[in-house]
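Right, one structure below, let's go through it.
The values are calculated or read from the model by the stated rules, or taken from the named source; none is laboratory data. The structure displayed is predicted, hence computed values, not measured ones. We place every Cβ from the backbone using ideal geometry, glycine too, and count neighbours over all the protein chains shown.
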Amino acid sequence: MANLLDRLIHENERVALFIDGANLYSAARGVQFDIDYKKLLEEFRKRGRLIRAYYYTALLEDQDFSPIRPLVDWLDYNGYTLVTKPAREYTDAQGRRRIKGDMDVEIAVDMMEAAHFADHVFLFSGDGDFLALVEALQRKGVRVSVISTIRSNPPMASDDLRRQADNFIDLTELAQVIGRPPRERPPAERPPAERYEDEEEDV
């Protein structure tokens with residue numbers, strides 16, 4: 001891990017992190033470990049010049065207590081910039097309860113703005129919808145590294161996104177340093193933002 005990031009991050013390079021919370025959770029769950037966000041920040045702070053670390057998630061506002069709230073609050077007080085918005089709940093055609101919490105637009109806007117102050121951005125998402133965004137940042141001279149996984153079933157990282165990125169890092173390559181064994185939690189206790197589906201249609 002140390003050697004990997006040492007190779008990727010140049011000395012005095014200005015670095016920014018963009019973490020799609022729900023996507024990263026799904027990727028980590030797919031390869032069976034949980035993210036230690038304190039260790040993650042420490043590893044990037046050791047190298048280059050970490051300018052900002054953004055974490056994106058949608059929250060259900062009508063719940064008295066959201067299981068993801070303790071994580072969100074901890075991140076907010078421990079070096080991360082939180083970007084949240086209300087999640088939308090709806091019932092699909094089969095009568096199943098669904099939650100829509102896509103943060104793609106917010107991530108794209110912030111990453112484009114980061115081109116003014118960052119030399120190298122790390123996108124923690126394998127979503128192929130970010131392909132055009134990565135291309136646009138590269139045209140502005142920004143290096144883009146994508147962190148996701150192809151070792152889950154199904155793979156979480158788009159082939160097109162992997163090819164376009166300056167670097168692709170499989171999440172499993174980071175497990176020993178930023179991971180910890182997953183806790184078993186019933187689905188009802190998992191943070192809602194971590195169970196969102198990326199729905200394309202408006203509801």
Within segment 121-143, residues surrounded by 23 or more Cβ atoms within 10 Å (Cβ to Cβ) and closer than 19 Å to residue 7 by Cβ come out as 121, 122, 123, 124
Filter segment 111-133 for residues that are more than 13 Å from the chain's Cα centre (by Cα) and over 13 Å from residue 158 (Cβ atoms) and give the result.
112, 113, 114, 115, 116, 117, 118, 119, 120
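Rundown of residues vs (1) in a strand (DSSP E or B); (2) within 25 Å of residue 128 (Cα to Cα); (3) in contact with a helix residue (DSSP H, G or I) (Cβ under 9 Å, 6 or more places away or on another chain); (4) hydrophobic (A, V, I, L, M, F, W, C), yes/no style:
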site	(1), (2), (3), (4)
15	yes, yes, yes, yes
22	no, yes, yes, yes
26	no, yes, yes, no
29	no, yes, yes, no
40	no, yes, yes, yes
53	yes, yes, yes, yes
57	yes, yes, yes, no
61	no, no, no, no
71	no, no, yes, yes
Selection from segment 134-159 of residues that are within 15 Å of the chain's Cα centre (by Cα) and part of a helix (DSSP H, G or I)
134
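Being of a type in the set (A, V, I, L, M), outside any strand (DSSP E or B) and either modelled with pLDDT of 95 or more or under 30 Å from residue 7 (Cα atoms) (or both) is the requirement here; does residue 75 meet it?
Values: of a type in the set (A, V, I, L, M): yes; outside any strand (DSSP E or B): yes; either modelled with pLDDT of 95 or more or under 30 Å from residue 7 (Cα atoms) (or both): yes.
Yes.
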Residues in segment 162-172: is at least one farther than 24 Å from residue 38 by Cβ and touching a residue at least 60 places away in the same chain (Cβ under 8 Å)?
no
Among residues of segment 78-105 being among the hydrophobic types (A, V, I, L, M, F, W, C) and within 17 Å of residue 22 (Cα to Cα), the residue modelled with the lowest pLDDT is 99
Going through segment 92-133 in order, the residues found to be out of contact with any strand residue (DSSP E or B) (no Cβ under 7 Å at 6 or more places or on another chain), part of a helix (DSSP H, G or I) and touching a residue at least 12 places away in the same chain (Cβ under 8 Å) are 104, 108, 112, 128, 129, 131, 133
